[in-house]
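*Asks:* Below are the structure tokens for one structure; questions will follow.
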Amino acid sequence: MRQSAALSDQELATALHDGDFSAFGEIYERFWRPLLAHSIRLLKDEEAAMDVVQDVFASLWEKRDTLVIGRSVSAFLYTCVRNRIFDRIARDKVHDRYLAELAIYYTEGARYTDEAYREKELSRAIDQEIEALPAKMREVFELSRRHEFSYEKIAFTLDISDHTVKKQISNALKILRAKLSTLMMMFF
């Protein structure tokens, strides 16, 4: 092979396509610094720019036999660098968005989990206190609140007066409020 430094872009591309490592070395020597400077200018991050340029050259060698470079190796490499930078920016945006959503999930998810736990515990405590009511009062209260019976229907079903139903529900609510007020303060 002729002296690599004297080869044109077209000749270098052909030699690279044929697997000539010295042609790859010449391309690397000619374009590495300008591509790096271009990448740094676009990314404003020297380490990321070096990664992009190294990726382009690694890909160039790996895919040498399938690439269609055309007349200008320079134009081809600058296009490759530009595309890698666009890919990196898009990937970074997705990564940043993912991290933001993950942070929201952890804060919101923890809150929802905590709220669900507190709601479940409060419901359990209310059920426990209802179970602790006197039998007749509990029966009246459950017909009213859980089964949504009217006072008249409860009175008819249990064969008691409307006044007794109202009094039993009133007393049940007083007992439950007293017992659950401290518990509610803990939960909220």
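Each value in this text was obtained by applying a stated rule to the coordinates, not by laboratory testing. Everything numeric here is computed off the predicted structure, so don't read it as measured data. Quick reminder, even Gly has a Cβ in these numbers, built from the backbone with ideal geometry, and neighbours come from all protein chains shown.
*Asks:* Using R₀ = 22 Å, calculate the FRET efficiency as 1/(1 + (r/R₀)^6) where r is the Cβ-Cβ separation of Ser72 and Lys93; round to 0.05.
*Replies:* Working: r = 31 Å, r/R0 = 1.39.
About 0.10, to the nearest 0.05.
*Asks:* Measure nothing fancy, just the Cα-based angle from helix 135-145's long axis to the longest principal axis of the chain, in degrees from 0 to 90, nearest 10.
*Replies:* 50
*Asks:* Can you count the Lys pairs in region 91-179 whose Cα atoms are under 19 Å apart, with each pair 8 or more apart or on different chains?
*Replies:* Lysine pairs meeting the criterion: 10.
*Asks:* To continue, here is another question. Just how large is the dipole of region 132-187 about the Cα centre, in debye to the nearest 20, putting +1 at every Lys and Arg Cβ and -1 at every Asp and Glu Cβ? Could the numbers behind the result be given before it?
*Replies:* Details: 10 positive and 6 negative charges, 60 e Å.
Result for region 132-187 is approximately 280 debye, rounded to the nearest 20.
*Asks:* Once R0 is set to 30 Å, what does the formula 1/(1 + (r/R0)^6) return for the Cβ-Cβ distance between Ser22 and Phe86, expressed as a FRET efficiency to the nearest 0.05?
*Replies:* The calculated FRET efficiency here is 0.45.
*Asks:* If packing is taken as the average count of other Cβ atoms within 10 Å, what order do 64-70, 115-121, 134-140 fall into, highest mean first? Before the final figure, lay out the partial values.
*Replies:* Values: 64-70: 13.1, 115-121: 11.3, 134-140: 15.1.
So the order, starting with the most tightly packed, is 134-140, 64-70, 115-121.
*Asks:* To the nearest 20 debye, what is the magnitude of the charge dipole of the chain about its Cα centre, counting +1 on the Cβ of each Lys and Arg and -1 on the Cβ of each Asp and Glu?
*Replies:* Values: 28 positive and 31 negative charges, 170 e Å.
The calculated dipole for the chain is roughly 820 debye.
*Asks:* Also, quick follow-up: Roughly what would the spin-label model give for Lys120 and Asp51, points 7 Å off Cα along C-beta, in nm?
*Replies:* If labels sit at Lys120 and Asp51, their model points lie 4.1 nm apart.
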